[in-house]
Amino acid sequence: MANELLKIGDITHYFTRIEVAVVDLSDSLKVGDEIHIKGATTDFKQIVESMQIEHEKVEKAGLGDSIGLVVKYRVRAGDEVFKL
């Protein structure tokens, strides 16, 4: 059974040194959610373990928020973020 993909945002920036992606959200996201990041050369799933807004740790974020998200692998601007 395939997971339903719900697009929740777009990657706008990636900080290589700290492995953090900046995501502009178009839907809600919380710590513990499973996400799928997909782009031209990006395709992986992970559990959201840590996210921040303006350098403050948050448990959840919503529509219109721009979050910093710790990611397992390199991502690129333009990659899409889906919630599983």
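Just so you know, all these numbers are worked out from the coordinates, no wet-lab data involved. All figures in this text were calculated on a predicted structure; none of them were measured in a lab. Note: ideal-geometry Cβ built from the backbone for every residue, glycine included; neighbour counts use all protein chains shown.
Brief remarks on what is shown
- Our Cα-only numbers for the chain put the radius of gyration and Dmax at 11.5, 38 Å.
- Net charge, residue 30 excluded, C-beta distance under 14 Å - Lys, Arg +1, Asp, Glu -1: -3
- Integer Hz, Karplus 6.51/-1.76/1.60 couplings in order for the range 14-27, x for Gly and Pro: 9, 9, 4, 4, 9, 6, 10, 9, 9, 10, 8, 8, 10, 7
- Once backbone amide H atoms are built at 1.01 Å from N, residue 58 has 51, 52, 53 as its partners under 5 Å, excluding neighbours fewer than 5 places away on the same chain.
- Distances between placed amide hydrogens fall under 5 Å for residue 13 paired with 22, all partners being 5 or more residues away or on another chain.
- Of the peptides 25-33, 76-84, 52-60, 40-48, the order by per-residue mean of other Cβ atoms within 10 Å, starting with the highest, comes out as 76-84, 25-33, 40-48, 52-60.
- The chain: relative contact order as a whole-number percent, Cα under 8 Å and 6+ apart: 43 percent
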